[in-house]
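*Asks:* My structure is below; once you've seen it, I'll send some questions.
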Amino acid sequence: MLNPEDAKKDSASKREASPTSTRSKRQKKNRNLINNNNKSTYEAASSVRSKRQKKNDITDGGSNSTRQKRTKKPSTIVGSLENLEKVQGEKSDAPPKDDNNHFCSDTIGYGPEFLDSWLEPPATIEFKVEPPNKAPVVKVSKTLIIYDVPNQLSTKIESGDILYKFNDLLLTTREEYIRQLQFVTANPDPQTLTYTILRPLKSKQIPEKELSDVFSKLQSPQGFEILPTHFDYLFVFLTIAPKTTLGVTIKGYNGKVYVSGIEKKVTSIAYKCLLVGDAILAIEDQALSGVKDTHELLCTSFAKKKFVRLIIERAKTADGLRNVKLALRIEKTFEINPRMNEDIIQICEQQITFMKNYPELKPGRMIYRQHHSSSKSSTSHIDVAPESTELPITTDVNNLNLLAPTPPVPAVPPGTVGFFFPVPVLVESASKRMLKKRTTK
C-alpha cells in the first residue's frame, strides 16, 4: 500500500511532466506536417517540371533532330566556307565562265549565242561627282546594253558596252540600275561612281595554223586562195545597240566584197571594227559571192540576233595594198548626188535646229533685187542670170592611196587589229636608191 506522501510526489511529478510531453508531441507533430508539406510541394514541383520537359521534348523533337543533322565537324565547316569565299570572289571579279551557261542571255547582253571568250575582261571606271554638278546618266537598254554615253564618260565608255555593275552592285535587270541611279542623283553630297563594263571584242586574229580548218568549212568561190604572207585574216564582231547604224558601203571585185567607205560617227558599228579596203569573205560561216548576198545575209542575221560574226581579209604588205587599191579603183564612177562629208552634215543639222527653235524669225535685208531701176550697177544686191551651170563641190570620201576616210586621216579605232597605212615606206627617193646600189656593190 502506497504512502500518502509518495502518492502526492507521484502526482506532482506527473503534473510537472505532462506539459513537457504534450509540448514535445505537438512539436513533433508540427515537424511531421512541415516535412509532409515540403515533400508534397517538392513532388508537385517535380511533376510540373517533368511535364514541361516532356512538352518541350515533344515540340522540339523535329528541330533537335534537324539540328543534329546539320551539325558538322569543324574541318567540314571550314572547307565549305573556303569554297563559298572562292565562289563569291569569282562572281565579284568576273562573270562566271561556263561552256553551258554563258554570261550573255536573252535578258542580258547579246543573247545566249554570244560566247564569253568574245568579251574583254571587266573594266571598272570611276567618276567623281562634286556639287553642284549632277551625276551623269548612262542610258541602257532592257538587256543592259549601253546606247547613250554622256560627254564626261565618252572617252572610257562606248556605245555597245554591257553594264555589269554599278557602284559594286551586280545588275541583273534595268530596274535595279534605275533604282540605284535615282538614289545617286538624289544624293547632294560628293560621291564617287563606279561603272564595271564588259566590252565585246571588235576583232580577233585567226592564227596561221588554224586558217585551213576555218576555211575548210566555207564554200569559197573559184580562184580564191589564202595568202597569209600578204594578208591578215580576222574574226570581226558587229554588235548592234539601240540608236546605232551599220555605216558601211561595199563593192564587189574578183569574187570578193570590199569595204569601200565607212561612216565616221560614234553610232556607226563599222567605224569601230572595220577599215577601208577590208575584204568580207564570210558572214556567220557562210561564204559570200557578191554584194547582193552580203546585203541579204547582213539583214537576215541582224533580224535574228544582236550580233554578226564576219571573216575578213586585211592587207599588211605593199603587194597586198596594191591589190586592194586596184580593186577599189576599178570602175570608179562619180555619183550624181554624192554623200556629203560629216562637217557639212553637221552644219546643216545646226541650221535645221536653229530654224526649228525660231520659226517666226524674219530675214533682214534682202540680197536679191527683182528689177533694176537704173542702169547703174549695184554691189549690194545680186542678180540671177537667165542661164546658169551648177557645179557641185565635192571630195572623194575615201583616199585610196591611204585606204582611209578623208579628210583628215583618222586614228585607228580602239580595239581594231591592224592600221590604215601598214607599210611605213612604199616609195623610195633617188638618193636612197643610189645608196642601196653602192652598198650592194
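*Asks:* Determine which member of the set Phe215, Phe231 is in contact with a Ser or Thr (Cβ under 9 Å, 6 or more places away or on another chain), among the aromatic types (Phe, Trp, Tyr) and either buried (at least 17 other Cβ atoms within 10 Å of the Cβ) or over 22 Å from Phe114 (Cβ atoms) (or both).
*Replies:* Result of the check over Phe215, Phe231: Phe231.
*Asks:* Exactly one condition in (1) under 29 Å from Thr107 (Cβ atoms); (2) touching a residue at least 12 places away in the same chain (Cβ under 8 Å) is not met by Pro188; state its number.
*Replies:* (1)
*Asks:* I'm checking my understanding of the structure. Among residues of segment 225-259 that are in a loop (DSSP other than H, G, I, E, B) and free of Cβ contacts under 8 Å to residues at least 40 places away in the same chain, which one is nearest to Ile330 (Cα to Cα)?
*Replies:* My answer is Gly255.
*Asks:* What number of residues within segment 164-184 are among the polar types (S, T, N, Q) and either modelled with pLDDT under 90 or not in a helix (DSSP H, G or I) (or both)?
*Replies:* Counting residues in segment 164-184 that are among the polar types (S, T, N, Q) and either modelled with pLDDT under 90 or not in a helix (DSSP H, G or I) (or both) gives 3.
*Asks:* Same structure again: Does any residue of segment 285-294 turn out to be over 32 Å from the mean Cα position of the chain (by Cα) and either crowded, with 17+ Cβ neighbours inside 10 Å or at pLDDT 85 or above (or both)?
*Replies:* Taking every residue of segment 285-294 in turn, at least one turns out to be over 32 Å from the mean Cα position of the chain (by Cα) and either crowded, with 17+ Cβ neighbours inside 10 Å or at pLDDT 85 or above (or both).
*Asks:* Right, something else. Scan Ile250, Ile197 and give me the residue that is surrounded by 15 or more Cβ atoms within 10 Å (Cβ to Cβ) and within 28 Å of the chain's Cα centre (by Cα).
*Replies:* Ile197
The values are calculated or read from the model by the stated rules, or taken from the named source; none is laboratory data. Just so we're clear, the structure is a prediction, and the values are computed from it rather than from any experiment. Glycine also receives a Cβ, built like all others from the backbone with ideal geometry; neighbour counts cover every protein chain displayed.
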